[in-house]
Structure formats: structure tokens, C-alpha cells
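This report refers to the structure that appears directly beneath it.
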Amino acid sequence: MNRRMVVYILGQMLNAEALLLLFPTAVSFLYREQGVAFAFLITIAATVAFGALCTFRRPQNRVIYAREGFAVVALSWLVLSAFGALPFWLTREIPSYVDCFFETVSGFTTTGASILTEVESLSRGLLFWRSFTHWVGGMGVLVFVMTVIPLGDNRSMHILRAEVPGPMVGKLVPRLKSTAKILYGIYIVMTAIEVVLLLFGGMDLYDSLVHSFGTAGTGGFSVKNASIGAYQSPYIEWVIAIFMLLFGINFNLYFFLLLGKIRTVLQSDELRCYLGIVGASIAVIAVNILPMYQKLGVAVRHAAFQVSSIITTTGYATVDFNGWPQLSRTILVVLMFFGACAGSTGGGLKIARLLLFFRTMRRDLRRMLHPHSVEVVMLDGKPVPEDTVAGANGFFLVYSAIALVTVLLISVDGFDFETNFTAMAACLNNIGPGLGMVGPTGNFSAFSDFSKLLLSFAMLIGRLEVFPMLLIFAPSVWRRR
Amino acid sequence: MKIIVVGGGKIGETLVEQLAKEGHDLVLIDNQQAVIEETENRLDVMGIYGNGASHLVQIEAGVPKADLLIAVTNSDELNMLCCLVAKKLGARHTIARIRNPEYNDQLVFLREELGLSLAINPEAAAAGELFRMLRFPSALKIETFSRGRVELAEVRLREGSKLDGLYLHELSKKFQVKVLVCVVQRGEQVLIPTGDFRLCAGDKISIAAGPAEIERFFRAAGLLKEEAHSVMIVGGGRIAHYLCRKLLGIGVSVKIIDTDPQRCRHLCEQMPRAMIICGDGTKQELLFEEGLERVDAFVSLTGLDEQNAILSMFAASRGVGKVITKVSRTSLLSLVESAGLESVISPKEITANQIVRYVRAMQNSLGSNVETLYKLVGGRVEALEFRVKPDFPHIGTPLKDLTLKPNLLLACITRGDRAILPGGGDSIAADDRVVVVTTNQQLRDLSDILL
């Protein structure tokens, strides 16, 4: 374990966070919230101080291997959240630090689960920071920093692999830095387009920025108590629904689209499957909830919004789907686990993994009938290495185990099963709202501090796809040699 | 530049590493997932899994927009096919490794008809290097510039050498020969020395001068060893084949020892004047029987690095004048050198140098070109030769008025047929060839030498 280098990279992360904190500070000044701006400035000072302390000496040995990659990613997210929570705490707008931490982790991991009972009373600067963390966390913090500073000695691939979601992580162009730049370029342009479209819908600049951040990172923090439903505008709902779906697609496909390789995009198994699942779910739910809304158009709109919000793990809401029929509610819970595409900003298991599970399952069944048959699992017309298949299966196993343990531990608080189960699902899959007490109109404030920390941890596990977070508990990672 | 390498074997790996370090965008195509993964983990390059000769794989790798494709798989035919496909897809330049001597004879055809920019043959290149080392055994290593008009010779100062304790500015006065010491290796340190540098025993120094001056200097300094007249080679592979042919050409007697009877027969058919011994070269009995103690030079060229090292150590202990060892894995180089074996060659390194040189020359069709490039001291020092274009801004300026970058030395200027070891009063003229020695890597243009 190259501890020096890990500390050095952590320091660089803190410096980057200080830079990002300048944005909400500016917003606070703009809205004349001096107290909040002061809290941000203190946070920046603390962050820079620690960052400078860690980066004071450039380590001689800059080589990072897989374990340093995992450790750096996991620790960065923890440290960034811990410092990012400070403004909430310093302004006393959220009095308990555990709550602040929960809120910030929920932001960075693009979960969108909140402990706030009343959102609208918070200051503008803090709400901006809350949503800004979505935007930063969506694409990955380390990947962002990598576009600016070279982190390791050519070996940053380990970091990319630990931070970018999906069973297989590849580069778009030979240089990691250029790859990260392309991805961030696409991300920024798409966010900007959404902001413009929302402005057309009559939202003011602040609200459209905040909601675009929430959509782009597939986070789900809103500045309204009633989320997107507060605007009562079908146009805004459709824009956000469509953009949520777009941000749930693998970003590599947008790159291919830019290159004009339309055929590659259309032939992507994952994309087809994703759109198929979305289409089918919308249809079933729309029919199911038709009696509640009378008009087909309204039912389809609500169904489409909620489905894309849940499958992309965003968590915005236009209606309280807690009151929907059981079939629709169950479909939404299932979609929570499906998640978005690999290589997108969404969470969950990822459609690519589901396809791998399904195809491995099919292969194993066929093998029962033809014990000597040889079959390779294919994805996008290419054979998937057996290691990747086994890795995906292992992932599923650990994921389920964590889900079970989490439900078990938070049930100590004594809430009903629906609340506990969907709270875990909403946090582990980075969605935000669940059902029951944590439904679209509820929140997580009633949980005990222990449960909140546990759920924060579940969010990080979900965002970083299990292994980095678990591996920092392995003693062998920390051994000097 | 965008460069695609097909085949991630020994040479491919070195190339990818070297070229990525020079700032190019590298894509490696290999048909083994493990090789790709290992490379991607270690270096900032992109790997693509598949058959490099398939045009679909090449398109995926971006060959149509690539500046250069280098095919270094272990099959000559596959390499040629890769280059052919790449050329048709629109790659600007292609380089193939072609090592079968039969194809080697038709290189002109390949170059012109297949559009190959460069064909490299690591074994032939290694043999060429060995040949030079054997012809001038006093130096550990010898590199040539300006078509042989300037040489860079590496030599180790032994205890009690006449050079021990000398200041560099005293050299030419003492030996009445003008030479330039360009690089000094002292332990782990690598220095580009100035005039007030003091040599001491154990240093390894590189000297630049014309071939005649170098010989005179070596004679005066008591470093000269006689040219080898009989050479024993263990291991009868391709390098041995090429080397033997060259040595026989200048009348040196050659003895090749190999275990494989068929290989021996083949060598014998090809080169009837060489003495071919079929037997185990690692047996001391056999080596003594064949007169190990009477040969001038011993070259170990078996396929195993470890075996080569041991054999060479044994030969050196028996007092053979010149012992050369082939080492393929560069990670072993320092180990071998610390064991006292100083003349070492590494075919993959020679080949990688050749290609890097080509790539650098490709990069600037304007300005003064890199004509020759050698990596010395395990890649820590570079010796480059530039040709001066008429638009070089400092033509005619005396060198003492130019501020050069630190750790950089103008080793030599060749004007017409004359090699000049430059002093402060000399200046650079158009069409000169300038040899620069530096620890500062990645010089691309002559104007890069100025601060």
C-alpha cells in the first residue's frame, strides 16, 4: 500500500472540492445571504488547509496498483462528504451533523434521499450546494479531477475502474485524460441544453439550474416540497422525464453518436433492453392507474415520469405514487433494483449486468439439457470474458447480502417492513424516495442516527458498486507490503 | 500522433511504453485478453482485443485516421497482412517486423509494392550491433553517427588506468588526441560532464570522436584490445546466423555451438565455412574441448537469459578477451551488469530504438530532423543526430554565445567529410550534422537544445 500517494490524491481531491465550493459561495452572495456565504468561506478555508497539508509533499513513489485505486476512491468519497457537510452544519440550518452528513452523501452519491421535512425554508446557497453535489457526484469526482491533474503514474485506470459504474469499463480514446474530457464535455453540454429547455418552460434560472443538476446526476434533490409536481406544468414534466432517461444511457453511446456510428448505438443490447423495459413499464402502469386520473394523457404522463425517475434512480416525483395500486407500486420497486445503463450517471444493478445474469442463467439451463455444450455469453455481439461474467455474479451475491443486512439493521428502529425495505432499496440503489414512510412525500428524518449512518454507507456502497467501500475494511489493503 | 501497435509481445510492450512516454496516443491490438488488461493497468493506452489483421478490428482501433501502424506479432506473414490492410484503410505509415531471411532479401519489393514504410528485423539489427562490438572490442559498446564519421564508444576505467584521476580538460594535452567525454556513469549516477570533471577508476565513460581518433586515443590510453580473430558463439538462432555471415565476410573464424542437430545441419548448409558443433554449450567439457580458452571473443546467444548470463560469466572467468551476452528481458540488464558482464545486447531494445527514431523523424518533416537516435545507459541518456536545415535561426553564431539547456552537450559537428569536436569558437552551419548528448529526453528539433 502506497499510503503517501493515497494521502496525496486525497489532498488533491480536497483542493478540487474547495474549488467547487466557490460556486455556492457566489450564489449565496448573489442572494445576499451573508451568513451562509461566510459558512461556505470557512468550509473552503478548512478544506484548503487540509488539502494543502496532504499535498505539501509530492510523493516520490507515484505508482498506484489496484488496491490503492480502490482505497483512494472509497476514501475520497467519504472525505468529500465529510467536508461537504460542513456548510449545512455551520449555518445550523440542519442542526445535527449526522443529518448533514446523510444529506451530503445523499447528494454526492446522487441518491436524493433527504432528512428535511421542509425544503423550501432552507437558504438559496445551501440548496444550490445540495443540488450541485449531485452534478459533481454523477459523473464521478475523481474522473473530474483527472481531467485537470494527472493522478498516478499512468496507472489511473485503476481509479477509473473503481469509480465508473458498470461491469466493463473501457476507454474511448487512448489517453485517460482525453476520455475523461470527452465524457465531461458531453455531460456539460447535455446539462446546458436541459437548462435552456426548462427556462422555456417558465422556470426561473435558479430553479432550472438546480433541477438540471438533479437530473444530470440522476440525483433527485428538488427545491420544492412537492418536487417537480409543484410546477403543475406538463411541459416541464416531459422535459425532465426525457432528460432523466437520456442521462440513464451509457455515455459512450453519445460519443459514438458524435462520431456518426449510429449503427453501433442502435445495436447496443443494453440500450434496447433499457428502452424496452421503460416502454413496457409505462404501458402497464398507465393502464393500471387510468381509473385514478381518468384521462389517458395524464395517466401516461405520470406513469412515464415516475418510471423514468425510478429506473434512472433519480427520484423526482410529480405525484405521490405511494397511493397508487399495488401492481404499479411493485413494478416501481422492481425497477429500483434494475437501475440505469452501465457508464451512465444512474445507480442500481445496471441493465448490462441484468443482461449478463439473464444470459448466464439461460446458458446454465441449456447446459442442464446438453451437458457437453459449449456456449459463450455475448453482449453487443461480442463474447464476454468469463472473468467478467463471474465478476457480475459475485457482485450480485455481495449486493444481495448487503441489502439483507441493511434491512435487518435498520428494522431496529421499529418501522414497518415496506418502509424499511424500500428505504434500503432507495439508498443502496441511489434513488431517494421509497414507499411507505419514505415515499415521495415523506423523508428519512425519523430514522435513528445509527440507521442514518448505515444508510449513508449503503448509498456510498451503491454508488461505488460495492467493492471499493468494502475493501477499505480488508486489513490486507492497509498493510505496508 | 496516433499510433497503433499490433502484438503485445516483448517488442510490442517496450514500444508501447516508450512511445506513450513520448506523448503519443497509443492503441494496442492483441489477441489475448490478459495481455491487454495487463498493459492497460500499467500504461495509459487503449487496448483492443482481436485479430490485428481483421479490417473490422483495425477500424475499431481507428486505423483509418492513424499516423502509424506497427505490426510486431511473431508471424512475419501476419505482420505484412496487418500493414497491407492498414495501408488500404488509410494509415499514413506502416512498419512491420519481418525476420525471415527469405523475405529480408525482397525488402525493396515489399516496401514499394505493399507500401511498407519500414521493415525491421530485430535479429539482423542485433547481429549488426554485435558485429560492430566485435570489430572494436576495446569499447563496451559503440554507436555510429553521420554514416560512420563519428563514433560514440563506451568504456570502463579499470583500477590503475592512465585516465584515473585526470581532469577532462587535461585529456587532449596528455594523449595528443582530440576526443570528447560525453557521458560519465558513476555508480547509479549519470552525468554530462564539463571540463573540470575528474575521472576516477570504476567510471564508465562514453567518448565521441572520429573512428581514427578513437583508436589513437584508446592506444595512447592503453585501453586498446586487439580485434577479434576467432569467435565462439553458443546458441545457433537467427542472430547467430546473421552474425556469422558477417564475421565470415571479413575473415574471422567462427565456431557455433547448438544442441539441435537439425539446426546445426541447416547452419552448416548455409555457411559451410563456419565450424558448427552440435552439443550442449552449457557443458564445460565441451567448451574446453572446443578451445574456449584460445578464442578472442565469446558470444552467448541462447534463448534463455539466465543461461546466457552464466555462460558469459564462465567465459569471462576463463580469461576470454571479449564476452558479449544477449539479454532479452531489460529488467535483468542492471543485474547482469552488476555481475560484471559489461557488454550486453538486447534485441528488443535495439528494435524499439529503431522505431522510436523513425517516429521522431516522422514527426517533424519541417525543421531539422532527428537522423539517428541512440538510447544509452538503459535509456537514461539519449544521443541524437540532427541535420541542420538552412532556416535554423542560429547559423553562424559562435557556440559560446548560445545558451544550451543544462545536462546537454554538443558532442560533434560533421561538415562535409570532416568531424569537428566543437569548441566555443565553432559555429553551426547549414547542412551540418550535429550530434547532441543529453539526459533531457524527448528532444525533437535542433532548436530544442537552446534554453
Seminar exercise, completed: Only helices counted: for chain A, with every DSSP H run of 4 or more residues adding -39500 (n - 2.57) and the sum spread over all residues, [θ] at 222 nm is -21000 deg cm²/dmol
Exercise. Total Lys pairs in segment B:2-120 closer than 23 Å by alpha-carbon, pairs eight or more apart in sequence or interchain only?
Worked result: 9
Exercise. What is the total of Lys pairs in chain A with C-alpha atoms under 22 Å apart, excluding same-chain pairs fewer than 8 positions apart?
Worked result: 7
For this session: Check the cysteines of chain B one by one and keep only those with no other cysteine Cβ under 4.7 Å from their own.
Result: B:CYS82, B:CYS83, B:CYS182, B:CYS200, B:CYS244, B:CYS268, B:CYS412
Seminar exercise, completed: A convex hull over the alpha carbons of chain A yields, per residue, a volume in Å³ of 153
Seminar exercise, completed: Relative contact order of chain B (C-alpha contacts under 8 Å, at least 6 apart) in percent is 11
For this session: For the protein assembly as shown, evaluate the Debye formula with one uniform point scatterer on each Cα (no solvent term) and list log10 I(q)/I(0) at q = 0.05, 0.06, 0.09 Å⁻¹, rounded to two decimals.
Result: -0.41, -0.56, -1.00
For this session: Please give the contour-minus-distance gain from B:SER338 to B:GLU22: 0.36 nm per residue of separation, less the Cα-Cα distance, rounded to one decimal in nm.
Result: 110.9 nm
Exercise. So what's the net charge close to A:ASN15: Lys and Arg +1, Asp and Glu -1, counting the other residues with Cβ under 15 Å from its Cβ?
Worked result: +1
Exercise. Taking a ≥ b ≥ c as the square roots of the eigenvalues of the Cα gyration tensor of chain B, is the shape rounded (a/c under 1.5), prolate (a/b larger than b/c) or oblate?
Worked result: oblate
For this session: Over the residues of segment A:1-163, compute the C-alpha Rg and express it relative to 2.2 N^0.38 Å.
Result: 1.05
For this session: Return the distance in nm (one decimal) between the two label points of a simple spin-label model at A:PHE396 and B:ARG186, each offset 7 Å from Cα along Cα→Cβ.
Result: 6.6
Exercise. What's the local net charge at A:LEU435, with K and R +1, D and E -1, over the other residues with C-beta under 13 Å away?
Worked result: -2
Problem set entry | segment B:127-220 - Kirkwood radius from inverse mean 1/r over Cα pairs (Å) | 13.6
Seminar exercise, completed: Output field shielding_mean for B:36-42 (other chain Cβ, 10 Å radius) holds 4
Problem set entry | Among the listed pairs B:LYS141/B:LYS375; B:LYS141/B:LYS178; B:LYS225/B:LYS246, those beyond 18 Å (Cα-Cα) | B:LYS141/B:LYS178; B:LYS225/B:LYS246
For this session: Calculate for chain B the 222 nm mean residue ellipticity that helices alone would give, adding -39,500 (n - 2.57) per DSSP H run of length 4 or more and normalising by residue count, nearest 500 deg cm²/dmol.
Result: -9500 deg cm²/dmol
For this session: Among the aspartates and glutamates, select those whose C-alpha is under 13 Å from the C-alpha of B:LYS400, and discard any that sit fewer than 8 residues away in the same chain.
Result: B:ASP426
Seminar exercise, completed: Burial-style ranking of B:425-435, A:361-371, average other-beta-carbon count within 10 Å with highest first, yields B:425-435, A:361-371
Exercise. How far, in nm, would the chain grow between B:GLU285 and B:ARG92 when pulled straight, counting 0.36 nm per residue and subtracting the alpha carbon separation?
Worked result: 64.0 nm
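The numbers here are math on the coordinates, done by the rules we state, and not lab data. Predicted model, so just to flag it, every value in this text is computed and none were measured. Cβ: placed from backbone, ideal geometry, glycine included. Neighbour counts: every protein chain shown.
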